Amino acid sequence: MSDTRALLAALRDGGDIAQAAFSEFATGLADHSVSDAQAGAFAMAALLKGLTREQRVALTLAMRDSGDVLSWQLDRPVLDKHSTGGIGDCVSLLLAPALAACGAAVPMVSGRGLGHTGGTLDKLEAIPGFKTGLNESEFKSIVAKSHLAIVSASANIAPADKRLYAIRDVTATVESLDLITASILSKKLAAGLGSLVLDVKTGSGAFMKTLDDSRALAKSLVKTANAAGCRTSALITDMSQPLVPSLGNALEIAEVMRALKDPRKTPLLDTSAALGGVVLADAGLSENAQSGAEAILTAVQSGAAAEAFGRMVHAQGGPVQFLENWQRFLPEANNIRELRAPEAGYISAYEGERLGLAVVHLGGGRSVETDKIDPAVGLTDLLPLGTYVNKGDPIARIHASREDQATQAATEVFGSITIGAKPEIPPLIYERIS
Ligand code: URA
């Protein structure tokens, strides 16, 4: 109690704080010997005063060590990718099996949908029987055998973060760059990674809407993760439009299956190859990011990534025949409604957050934690920015379980798409931060 008070006073006054003080604080968060009031004061002081670089690393390590930290004895590099979240962002589902096919072990601890963005776990759970809640020994044995598993964090991964995150949520301190950094990395680093690539999204469908904010987050994450001992780079990638033409859980799995079975040059494949190239090079599995990106493309085009995906589905409880017959297994919505352009012009902008929320309101995401997801619902046939449409041309298709939900989604989707002047098309990848 008095130690926590001393830590808070030092944070308030800009004094020195030893690593041990952060460790005791994180342990106290996890075992509740630090009170809600103290945790709230910590979050607010961190937001208002900021942490030094050393303090940010110390907090990240302390939160990582507040629970289980995995270690691996494998004959291949252990690596992972993390996205800050977006709409139609199914990169993990294509990239993770491609990385495994390129000689990496990928123990991916993933998240669920947050706000307007979808989550990898919710998408995978659209596959009948797919289990994301593996215990540690199941997780380790699948990764040892198949080199790939995608799971939810167990209750004891970074428990200090779970507590602090809930308190940030109710004390208006979620926005702190220092606390976001420690929160994301404490969970990722607890998976015992050797290398990590971060996909920091920017644009209307991302949490960080401007390039400056995304750059600041990328730099903070990269510096902190490297100082914490995990070789890490980031790419800032575009999220001013959906990465694939479909949003929704089963609908995005379908996009991934099409990309794995019939690989063409698409924003999804190009973004995955760029991110994969960086982490393969960082892990020493390719000479440089360019040859790493080519290795990812080859893994997808040869079918090796598809096979790794099929093995993962089977190992985690999904259908053995999923790879061959995926259309048969994915749930479909009853009400499909086509939306047509109200006027002629170019698809000139997406309001990404609003579009993502339309899917949440259809039942494809959660408004409160206890909401049950409907895996079948969402949107398809969204057009790339810069597409010219005539009045009456299709611009999207809504997949709903009820008529009234389709009607509400139609209003939201029309409100999220601007048809007008020819837009400037943003680059897929803005820059690399190493
Ligand atoms: N994701 C996290 O895990 N933590 C944050 O603070 C923000 C996004």
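Going by the structure shown, is Arg76 in a loop (DSSP other than H, G, I, E, B) and either within 16 Å of the ligand (Cβ to nearest atom) or touching a residue at least 24 places away in the same chain (Cβ under 8 Å) (or both)?
When the stated conditions are applied, Arg76 passes them.
Just one of the numbered conditions (1) outside any loop (DSSP other than H, G, I, E, B); (2) of a type in the set (Val, Ile, Thr); (3) buried (at least 24 other Cβ atoms within 10 Å of the Cβ) is not true of Ile87; which one?
Of (1) outside any loop (DSSP other than H, G, I, E, B); (2) of a type in the set (Val, Ile, Thr); (3) buried (at least 24 other Cβ atoms within 10 Å of the Cβ), only one is false for Ile87: (1).
This table checks each residue for (1) under 30 Å from Met312 (Cα atoms); (2) open to solvent by less than 30 Å² (accessible area, probe 1.4 Å); (3) out of contact with any Gly (no Cβ under 8 Å at 6 or more places or on another chain).
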residue: Arg328; (1), (2), (3): yes, no, yes
residue: Glu343; (1), (2), (3): no, no, yes
residue: Tyr346; (1), (2), (3): no, no, no
residue: Ala358; (1), (2), (3): no, yes, yes
residue: Gly364; (1), (2), (3): yes, yes, no
residue: Asp374; (1), (2), (3): yes, no, no
residue: Leu385; (1), (2), (3): no, yes, yes
residue: His399; (1), (2), (3): yes, yes, no
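Pick out the one residue from Ala206, Ala191 that is within 13 Å of the ligand (Cβ to nearest atom), part of a loop (DSSP other than H, G, I, E, B), in contact (Cβ under 8 Å) with a residue 12 or more places away in the chain and open to solvent by less than 20 Å² (accessible area, probe 1.4 Å).
Step by step, each of Ala206, Ala191 is checked, and only Ala206 is within 13 Å of the ligand (Cβ to nearest atom), part of a loop (DSSP other than H, G, I, E, B), in contact (Cβ under 8 Å) with a residue 12 or more places away in the chain and open to solvent by less than 20 Å² (accessible area, probe 1.4 Å).
So is Thr224 of a type in the set (Ser, Thr, Tyr), surrounded by fewer than 21 Cβ atoms within 10 Å (Cβ to Cβ) and within 14 Å of the ligand (Cβ to nearest atom) or not?
Taking the combined requirement at face value, the residue does not satisfy it.
Please go through region 179-188 and give me each residue that is buried (at least 21 other Cβ atoms within 10 Å of the Cβ) and either more than 10 Å from the ligand (Cβ to nearest atom) or of a type in the set (Val, Ile, Thr) (or both), ordered by number.
Thr181, Ile184
If you check Asp31 against the conditions, is it over 30 Å from Phe322 (Cα atoms), more than 16 Å from the ligand (Cβ to nearest atom) and free of Cβ contacts under 8 Å to residues at least 60 places away in the same chain?
Yes: the conditions hold for Asp31.
If you take the residues in region 63-73 that are touching a residue at least 12 places away in the same chain (Cβ under 8 Å) and surrounded by fewer than 23 Cβ atoms within 10 Å (Cβ to Cβ), which one is farthest from Leu177 (Cα to Cα)?
Trp72
Which pairs have Cβ atoms under 9 Å, sit 6 or more apart or on different chains, and link a residue in region 410-432 that is within 29 Å of Ala400 (Cβ to Cβ) to one that is loosely packed, with under 15 Cβ neighbours inside 10 Å and among the aliphatic types (A, V, I, L, M)?
Ile419/Ala344
For region 248-295, what are the residues that are open to solvent by 50 Å² or more (accessible area, probe 1.4 Å) and of a type in the set (Gly, Ala, Ser)?
Hit for region 248-295 is Gly284, nothing else.
Of the residues Ile157, Ile167, which single one is within 14 Å of the ligand (Cβ to nearest atom) and in a loop (DSSP other than H, G, I, E, B)?
Just a single option satisfies the conditions, and that option is Ile157.
Can you name every residue in region 401-414 that is open to solvent by less than 40 Å² (accessible area, probe 1.4 Å) and either over 27 Å from the mean Cα position of the chain (by Cα) or hydrophobic (A, V, I, L, M, F, W, C) (or both)?
Ala406, Ala409, Ala410, Val413
State whether one or more residues within region 137-153 are within 16 Å of the ligand (Cβ to nearest atom), in contact (Cβ under 8 Å) with a residue 24 or more places away in the chain and either open to solvent by 50 Å² or more (accessible area, probe 1.4 Å) or farther than 23 Å from Met257 by Cα (or both).
Yes, because at least one residue in region 137-153 is within 16 Å of the ligand (Cβ to nearest atom), in contact (Cβ under 8 Å) with a residue 24 or more places away in the chain and either open to solvent by 50 Å² or more (accessible area, probe 1.4 Å) or farther than 23 Å from Met257 by Cα (or both).
Return the total of residues in region 222-274 being under 18 Å from Leu198 (Cα atoms), touching a Gly at 6+ places or on another chain (Cβ under 9 Å) and acidic (Asp, Glu).
Total meeting the criteria: 1.
Let's see how each residue does on (1) of a type in the set (A, V, I, L, M, F, W, C); (2) modelled with pLDDT of 95 or more; (3) within 16 Å of the ligand (Cβ to nearest atom):
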{"site": "Ala62", "(1), (2), (3)": "yes, yes, yes"}
{"site": "Lys81", "(1), (2), (3)": "no, yes, yes"}
{"site": "Gly88", "(1), (2), (3)": "no, yes, no"}
{"site": "Pro97", "(1), (2), (3)": "no, yes, no"}
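Return yes when Leu217 is part of a helix (DSSP H, G or I) and within 16 Å of the ligand (Cβ to nearest atom) and no when it is not.
yes
Is there any pair with a first residue in region 104-115 that is open to solvent by 10 Å² or more (accessible area, probe 1.4 Å) and a second that is away from the ligand (no atom under 14 Å from the Cβ) and part of a loop (DSSP other than H, G, I, E, B) whose Cβ atoms are under 8 Å apart and which are 6 or more apart or on different chains, and what are they?
What qualifies is Ser110/Thr132; Arg112/Arg366; Gly113/Gly365; Gly113/Arg366; Gly113/Ile373.
The values are calculated or read from the model by the stated rules, or taken from the named source; none is laboratory data. Everything numeric here is computed off the predicted structure, so don't read it as measured data. Don't worry about glycine lacking a Cβ; one is built from the backbone with ideal geometry, like all the others, and counts go over all protein chains shown. Areas reflect the complete protein model, heavy atoms only, side chains present, ligands, DNA and RNA absent. Shrake-Rupley method; radii C 1.70, N 1.55, O 1.52, S 1.80 Å.
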